[in-house]
Each structure stands twice: as C-alpha cells, then as structure tokens.
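Enquirer: Sharing a structure below in structure tokens format, with a few things to ask.
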Amino acid sequence: MTIKNARFPAGRKITNTKKGNDEAMSTMKYGNLPRVSKPVSRLIQGVGRARSLGETEGFALLDSFLDKGCTVFDTARVYGQTDHFLGSWIADRGIRDRVVILGKGAHHAGTRQRVTPQDILEDLDTSLRELGTDFIDLYVLHRDDPTQPVGPIMETLAAQAASGKIGAYGGSNWTPERLVEANAYASAHDLPPFVLTNPNYSLAVQVEEPWENCVCISGPAGASARQAYRDLKMPVFCWSSLAAGFLSGRITRQNKDEMASRFNELVARCYYSDDNFKRLDRAEHLAKTYGATVPQIALAFLLAQGLDLYALVGCANADELQANIDAFEISLSPSQVRWLDLETDSLA
C-alpha cells in the first residue's frame, strides 16, 4: 500500500510489510542522548509481551525486533520478571553492546512512596543482578514523591553514574516543574542532570489515571508541559503511546463494548470518552485518506509535535513494529494535528 496525499521525503513511499517488499520498507529512526554511547531507537519495545511467550518464542520475538533496528528495550522492577528475561536474552545472544536497556525503579509500594536514596539503590542493585549486567544505559525513576527534596535524589543518581552502574537517567511521571528543580540542583552542585522525561502521552487523553500518581501530557491540559519540554529540549519517552490499545485500530465505536471485555480493563476505564472516540473517528478518516492505519496516524500525530520524541510500544510481531516504523514517514500538517486533537472542526 502507498500512502496517498501524504507529505514525505522525495522518492520515499510508505509500504506494507508483506514479503517481497523489503527493499521499499522504511528504516528505524534514531536519536542520541548524553552519556549513552549507542544509537537510541525512536521506538522502544516493552519486554513484557515477549516474556509472556516463554524463552523460545519470546527470545525469537526480541530477535525480530532487534533485526528491525530496535535498540531500546523497556523493563522495570515492578514488571514481574522482565529484568531477568531481558538479561537472559542479552546474555544468550551475546548482544550487550547492541542493546540499550531502559530500566526503571523507585515505584511506589501500596501507600508508601518509595523515592528515597535507599529505595533507589535497592531497586537498582536488584535490577542489575536480575539483568546480569554491570550497568543500565537509561535509568528512570518510575514515580515521584514531591515531598522528597531533590538534592539527595540527584546526589544518589550522580554517584551511581560515577560508579558506572547507570548511564543517563530521567524521571517517569515527574512534572516539568520537578524536573527543572532537580536539574537546577544538579547544575548548582556540578552533577549530571536528568536527561529525559517519561510521561504518558498519546492522541487519546486519559479520563482517569490507570495507576496512582501518573503524569499525562496529552490533550489541552498537557499543552504547557509539552511546551516546557520543547523549551528545555528534553527528550520525551512517552509510555502508552497508543493509549493501551485504544488506538491500536482494533477498537471502534461499533465494537467498543465487546472490546472492553477483551482488553485490559484500564483501556475502557481510562480512555473511553466521547472526545476520545471523536479523536478515534478522525484518526480513522485520516488513515483512509493516507492509505495508512489508525496506529500509524496516532504515532504520526505524536511525531508532529516538535518534541524530541521516543515512543514506547508493545508490538506482538515484527510486522507490527515495521508498521510503526513506517509511521515516521507520514507528515501531518498543523491543521491536521489540531483537527485530530479536537482543537478545530476544520481541516482547512
């Protein structure tokens, strides 16, 4: 399939991923982050789906993603055994020099907010042991606790970076204000700053947070945060970039009740709203116009925001990853972006 009426670089076409079309496929895009020596793929694959398949099939699935150019794999202390599974795959294939590990720690436990130096060190050391490696390329604090001063947190992370245990680090579900505060402390004390932010961001807007203390920068309410990250030139690693499957192309107005029971319950709880179904309708319209898919339009929407953006995805196979890679070639106009996000009712 060729995307029609799209603006893309001269000579490039967006194709499907059927066998025989390999020569026409788009290729992965990359960015560079301070203190990370390897190329950082713009699409980041979660490890959970592969782990659920078991070692033989799961390792093969991760192989296929690496073959497609995905270098960054997402894991966390609270994701069951993903640390161990990812580390086992890396060791079995002998590919530590090719893989960027995105690890996360300091998640809350019940009512206790675990964002203290002791908790950070405990989670980091446990992850390193489970991963079977001596360093994590990108280390992200999974949650924030605004009652904790930023100084001890930054001192702890800087010490671990100096020891070689972590490369770059950042905050997941931290507000721009807290990140600025943390980096101001780092600057004043000659410490490495937070390099990245990891909020929720997708075309769909959360109507209810899936878990306590999540930070979402979608929709009108997230405009100031998005502008802050543009001003800061801070890379945005967005989780649930397809709204936990709401923008997967499998959910429609017609089957929404049936699909609510098939998907994880949070999809309906967090994303089923009149406005989000309007966004989905408009994504379906543009998908037909471009000869693309809903998830491709949803990713193209994120890529059109003027952010240094990296999208976390949960692809089930290499074809899905390739379709997401192809979305990088779709160039939406400013009016299309505003229309998708319900800022205007006109595509003119």
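Enquirer: Can you tell me which residue within segment 214-223, out of those that are touching a residue at least 24 places away in the same chain (Cβ under 8 Å) and not hydrophobic (A, V, I, L, M, F, W, C), is surrounded by the most Cβ atoms within 10 Å (Cβ to Cβ)?
Expert: 219
Yes/no per residue for (1) among the polar types (S, T, N, Q); (2) part of a loop (DSSP other than H, G, I, E, B); (3) open to solvent by less than 20 Å² (accessible area, probe 1.4 Å):
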{"position": "56", "(1), (2), (3)": "yes, no, no"}
{"position": "65", "(1), (2), (3)": "no, no, yes"}
{"position": "69", "(1), (2), (3)": "no, yes, yes"}
{"position": "77", "(1), (2), (3)": "no, yes, no"}
{"position": "86", "(1), (2), (3)": "no, no, yes"}
{"position": "89", "(1), (2), (3)": "no, no, yes"}
{"position": "95", "(1), (2), (3)": "no, yes, yes"}
{"position": "104", "(1), (2), (3)": "no, no, yes"}
{"position": "115", "(1), (2), (3)": "no, yes, yes"}
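Enquirer: Any residue at all in segment 325-332 that's open to solvent by 20 Å² or more (accessible area, probe 1.4 Å) and touching a strand residue (DSSP E or B) at 6+ places or on another chain (Cβ under 7 Å)?
Expert: Yes, there is a match, as at least one residue in segment 325-332 is open to solvent by 20 Å² or more (accessible area, probe 1.4 Å) and touching a strand residue (DSSP E or B) at 6+ places or on another chain (Cβ under 7 Å).
Enquirer: Under 22 Å from residue 140 (Cβ atoms) and free of Cβ contacts under 8 Å to residues at least 60 places away in the same chain - does that describe any residue in segment 232-239?
Expert: Within segment 232-239, one or more residues are under 22 Å from residue 140 (Cβ atoms) and free of Cβ contacts under 8 Å to residues at least 60 places away in the same chain.
Results for (1) in a loop (DSSP other than H, G, I, E, B); (2) in contact with a strand residue (DSSP E or B) (Cβ under 8 Å, 6 or more places away or on another chain); (3) open to solvent by 70 Å² or more (accessible area, probe 1.4 Å), shown as yes or no for each residue.
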position	(1), (2), (3)
194	yes, yes, no
197	no, yes, no
204	yes, no, no
212	yes, no, yes
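Enquirer: Moving on. Given the residues 300, 311, 304, 327, which is the only one that is modelled with pLDDT of 95 or more and either of a type in the set (S, T, N, Q) or under 20 Å from residue 48 (Cβ atoms) (or both)? Don't jump to the end; show me each part of the working.
Expert: Details: 300 fails: either of a type in the set (S, T, N, Q) or under 20 Å from residue 48 (Cβ atoms) (or both); 304 fails: either of a type in the set (S, T, N, Q) or under 20 Å from residue 48 (Cβ atoms) (or both); 327 fails: either of a type in the set (S, T, N, Q) or under 20 Å from residue 48 (Cβ atoms) (or both).
Being modelled with pLDDT of 95 or more and either of a type in the set (S, T, N, Q) or under 20 Å from residue 48 (Cβ atoms) (or both) holds for just one of 300, 311, 304, 327, which is 311.
Enquirer: Moving to a separate point now. If you check residue 277 against the conditions, is it within 20 Å of residue 315 (Cβ to Cβ) and among the hydrophobic types (A, V, I, L, M, F, W, C)?
Expert: Taking the combined requirement at face value, the residue does not satisfy it.
Enquirer: Kindly list the number of the only condition in (1) touching a residue at least 24 places away in the same chain (Cβ under 8 Å); (2) touching a Lys or Arg at 6+ places or on another chain (Cβ under 7 Å); (3) crowded, with 17+ Cβ neighbours inside 10 Å that fails for residue 259.
Expert: Going through the list (1) touching a residue at least 24 places away in the same chain (Cβ under 8 Å); (2) touching a Lys or Arg at 6+ places or on another chain (Cβ under 7 Å); (3) crowded, with 17+ Cβ neighbours inside 10 Å, residue 259 breaks only (1).
Enquirer: Residue check: is residue 203 closer than 30 Å to residue 294 by Cβ and either free of Cβ contacts under 8 Å to residues at least 24 places away in the same chain or touching a Phe, Trp or Tyr at 6+ places or on another chain (Cβ under 9 Å) (or both)?
Expert: Details: closer than 30 Å to residue 294 by Cβ: yes; either free of Cβ contacts under 8 Å to residues at least 24 places away in the same chain or touching a Phe, Trp or Tyr at 6+ places or on another chain (Cβ under 9 Å) (or both): yes.
So residue 203 passes the test.
Enquirer: Considering each residue of segment 183-192, count those that are in a helix (DSSP H, G or I) and either touching a residue at least 60 places away in the same chain (Cβ under 8 Å) or open to solvent by less than 40 Å² (accessible area, probe 1.4 Å) (or both), and give that number.
Expert: Looking only at that region, the number is 2.
Enquirer: Can we say residue 146 is open to solvent by 20 Å² or more (accessible area, probe 1.4 Å) and in contact with a Pro (Cβ under 6 Å, 6 or more places away or on another chain)?
Expert: Answer is no for this residue.
Enquirer: Please go through (1) touching a helix residue (DSSP H, G or I) at 6+ places or on another chain (Cβ under 7 Å); (2) at pLDDT 95 or above for residue 273 and return the number of the only condition it doesn't satisfy.
Expert: (1)
Enquirer: Do any residues in segment 333-348 that are within 14 Å of residue 286 (Cβ to Cβ) and open to solvent by less than 40 Å² (accessible area, probe 1.4 Å) have Cβ atoms under 6 Å from those of residues that are part of a loop (DSSP other than H, G, I, E, B) and modelled with pLDDT of 95 or more, where the two are at least six apart or on different chains, and which pairs are they?
Expert: 337/304
Enquirer: Can you pull out every residue in segment 271-314 that is closer than 29 Å to residue 33 by Cβ, open to solvent by less than 30 Å² (accessible area, probe 1.4 Å), part of a helix (DSSP H, G or I) and not small (Gly, Ala, Ser)?
Expert: Across segment 271-314, the qualifying residues are 295, 296, 297, 299, 301, 302.
The values are calculated or read from the model by the stated rules, or taken from the named source; none is laboratory data. Values in this document were obtained by computation on a predicted structure and should not be read as measured data. Please note: Cβ atoms are built from the backbone with ideal geometry, for glycine as well, and neighbour counts cover all protein chains shown. Accessible surface areas use protein heavy atoms only, side chains included; no ligands, DNA or RNA. Shrake-Rupley method; radii C 1.70, N 1.55, O 1.52, S 1.80 Å.
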